Amino acid sequence: MTSSLELSPSPQAATAPAVVADHLIKHFGDLEVLKGVSLEVPEGTVTSIIGASGSGKSTLLRCMNLLERPDQGELAIADEAIRFTRNSQGDIIGLDRRQLQRLRAKVTMVFQQFNLWPHLTVLGNVIEAPMRVKGLSRKRATALGEHYLERVGMADRRDAYPAFLSGGQQQRVAIARALAMEPRLLLFDEPTSALDPERVNEVLGVIRGLADEGRTMLLVTHEMHFAREVSDQLVYLDQGRIAASGTPDDVFDDPRCRQFMAPAA
Amino acid sequence: MDFSWLSDPFYQGYLWEGFVNTLWLLLVSSVGGLILAVGVALARLRGPQPLVWLAWAFTTMIRGTPLLVQLFFFYYGVGRLLEGVPGMRDSVLWPLLSDPFFFGALTFILSVGAYSGEVIRGAMQSVPRGELEAGRAFGLSGFQVLYRLWLPRAIQLCLPTLTGEMILLLKSVPLVSTIALMDLLQAANIIRDETFLVYEPLLLIAGIYLATTIVLTLLLRLVELNFPGMRPTRRRWLPIR
């Protein structure tokens, strides 16, 4: 059944960057959360964003699929270029609804709290967006959904409802849901922070497998060892600014983030 | 105890008509009322300011006045007023507007809309934000988030309360006997007036209400249990294969 499908060709060798963020600024009221963050994620690589709570790392990640809309700056993601400015009324302008929907179909997200839809089965969760956003037929979406559920080891629970799964299982379903859109960029917002310690590894294992496939991923995490091991690029965010970035080894050795890393290193 | 009147086909006819009317009123009012309730909840949560006020005023009026008063208001007040409108008696709407069933259903729909509207509003507010955000994050439109995620989830959360409202509604239906609509109580009243038996007809319809409530409770329980997400895995609607 799945043989007739073209299933997400893994991105080939690093070519054009999948994400270019240029000088993103974001305020919440008077609080400036992002103070001009510039970031580049090459295609087929993994970038992890680390930093203390309140450093703006989740906000930065959420800007990537416009769950938060930057006040200023430019964003080029998966062939969509968006420039954020304000009009004379002070409203943020910079993208229309269709562009927003196109972008979100190409950039999918895995949340800290899983955020599965409890009234839909595991399979229902996975095929919802492919059917309603990308317009796939139920048959095709189901084939795709089953493939990715298999990929995260949840195929045998396809008819279960989320409330009856463990946290680790729910998060794996959430990953399958994000994969089923065949996105250009995968976002992970602290994917293991809400899990019991003994469930963390099953989720990290899946993410590691995706990294090995050469998927483009942007990851916010507190799992320092994991970030060091799996990432091609590490970004250390401190109070809304990038304090250090580069290869994991460079960043871990950087004196500016030594103190932050200390417990993990 | 004298139940000999039960064999009279006329009385059987009254009772049957009363029973059918009761169920019809219940069905029409529940369906219409729930649709209105969703509208009221949405108006209060997402409507433009005038609509928010309108929904609030509606809810306050309906919940702040007795159901019987509302029934009289619509049937004797609005109904009579419409009667006086020139040409109304010849209009195609007249058969509807002269039927007490219409005013009974209207009153109950408004009542369900107000009470259940508040229930649904509360349930919608308690759907975790993250679930709706996930919908937006995957590119679903605002309307898709509403009808695929937000409403089904809200109804899942408040289903036991809604079914409770429906059972309460069944017991409000006898009020329509005051506007000359043939329901179970009206049938009992006619039998009492003609046979001079007070308790027997009342006992009988009390038994019918009780039996209907039990059946309705079981049916609604089946709905609750089979609502998506309430049991570990997807089930067929009835426990038969």
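Here are the numbers for the structure shown:
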{"quantity": "Charged-residue dipole, Cβ positions (Lys, Arg, Asp, Glu), the protein assembly as shown about Cα centre, Debye nearest 20", "calculated": "440"}
{"quantity": "Total charge dipole magnitude, chain A, about the Cα centre, Cβ charges on Lys, Arg, Asp, Glu only, Debye to nearest 20", "calculated": "940"}
{"quantity": "Gaussian network model of chain B, springs between alpha carbon atoms under 10 Å - residue of B:T59, B:T195, B:T22 with greatest fluctuation", "calculated": "B:T195"}
{"quantity": "Point-charge dipole on Cβ atoms (K/R +1, D/E -1) for the range B:20-180, about Cα centre, debye to 20", "calculated": "380"}
{"quantity": "Estimated buried accessible area (total), pair B and A, 1.4 Å, Å² to nearest 100", "calculated": "2400"}
{"quantity": "MRE, 222 nm, helices only [DSSP H, n ≥ 4, -39500 (n - 2.57), over chain B, to nearest 500]", "calculated": "-23000 deg cm²/dmol"}
{"quantity": "Relative contact order of the range A:189-265, pairs being alpha-carbon contacts under 8 Å that are 6 or more residues apart, as %", "calculated": "22"}
{"quantity": "Kyte-Doolittle mean at least 0.0, axial Cα span of 15 Å or more - DSSP H helices of chain A", "calculated": "A:122-132, A:197-212"}
{"quantity": "Accessible-area order (highest first, 1.4 angstrom probe) of the listed residues A:D30, A:D253, A:D156", "calculated": "A:D30, A:D156, A:D253"}
{"quantity": "Estimated D of chain A in µm² per second, where Rh is the Kirkwood radius over Cα pairs and Stokes-Einstein applies at 25 °C, 0.890 mPa s", "calculated": "129"}
{"quantity": "Peptide B:125-138, shielding by other chains (average Cβ, 10 Å cutoff)", "calculated": "6"}
{"quantity": "Theoretical FRET efficiency, 1/(1+(r/R0)^6), r = Cβ-Cβ of B:L81 and B:N226, R0 35 Å, to 0.05", "calculated": "0.20"}
{"quantity": "Charge dipole of the protein assembly as shown about the Cα centre (unit charges at C-beta), most positive-ward option of A:T142, B:M1, B:A134", "calculated": "A:T142"}
{"quantity": "Scattering profile of the protein assembly as shown at q = 0.07, 0.10, 0.12, 0.13 Å⁻¹ [log10 I(q)/I(0), Debye over alpha-carbon scatterers]", "calculated": "-0.55, -0.87, -1.08, -1.20"}
{"quantity": "Loop sites in the range A:171-265: GluC sites (Glu not before Pro), DSSP, at most 15 other Cβ within 10 Å", "calculated": "A:E213"}
{"quantity": "Sites matching trypsin sites (Lys or Arg not before Pro) across the range B:39-105 that sit in DSSP coil, with at most 10 neighbouring C-beta atoms within 10 Å", "calculated": "none"}
{"quantity": "Values of log10 I(q)/I(0), in the order q = 0.11, 0.15 Å⁻¹, for the range A:152-265 under a Debye, Cα-only, solvent-free model", "calculated": "-0.41, -0.72"}
{"quantity": "Rule-of-thumb Rg ratio for the range B:20-180 [Cα; 2.2 N^0.38 Å; N residues]", "calculated": "1.20"}
{"quantity": "Taking the range B:20-180 and dividing mean pair separation by its residue count, relative contact order in percent (alpha carbons under 8 Å, at least six apart)", "calculated": "36"}
{"quantity": "Unit charges at the beta carbon, dipole of the range B:113-241: most positive-side option, B:L162, B:I191, B:A180", "calculated": "B:L162"}
{"quantity": "Angle in degrees between helix B:100-125 and the longest Cα principal axis of chain B, rounded to the nearest 10", "calculated": "30"}
{"quantity": "DSSP loop chymotrypsin sites (Phe, Trp or Tyr not before Pro) with at most 13 other Cβ within 10 Å: longest gap in chain B", "calculated": "B:4-195"}
{"quantity": "Karplus (6.51, -1.76, 1.60) ³J(HN,Hα), θ = phi - 60°, over the range B:8-22, in Hz, Gly and Pro reported as x", "calculated": "6, x, 5, 5, 4, x, 4, 5, 5, 4, x, 5, 4, 4, 4"}
{"quantity": "Pairs of Lys in the protein assembly as shown closer than 23 Å at Cα, counting only those 8 or more apart or on different chains", "calculated": "7"}
{"quantity": "Crossing angle, helix B:199-226 versus chain B [Cα axis fit, 0-90 degrees, rounded to tens]", "calculated": "20"}
{"quantity": "Within a Gaussian network of chain A (alpha carbon springs, distance under 10 Å), most fluctuating of A:A178, A:A21, A:A194", "calculated": "A:A194"}
{"quantity": "Leading residue at positive end of dipole, the protein assembly as shown (Cβ point charges), from A:Q101, A:N65, B:V223", "calculated": "A:Q101"}
{"quantity": "Carbon + sulfur, % of accessible area of chain A - ligands and nucleic acids excluded, 1.4 Å", "calculated": "45"}
{"quantity": "Ellipticity estimate at 222 nm from DSSP helix runs (n ≥ 4, -39,500 (n - 2.57)) divided over chain A, nearest 500", "calculated": "-10000 deg cm²/dmol"}
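The values are calculated or read from the model by the stated rules, or taken from the named source; none is laboratory data. Bear in mind the structure is a predicted one, so any value in this text is a computation, not a measurement. FYI the Cβ positions are ideal-geometry reconstructions off the backbone, even for glycines, and counts take in every protein chain you see. The accessibility values were calculated without ligands, DNA or RNA, using every heavy atom of the protein model including side chains. Shrake-Rupley method; radii C 1.70, N 1.55, O 1.52, S 1.80 Å.
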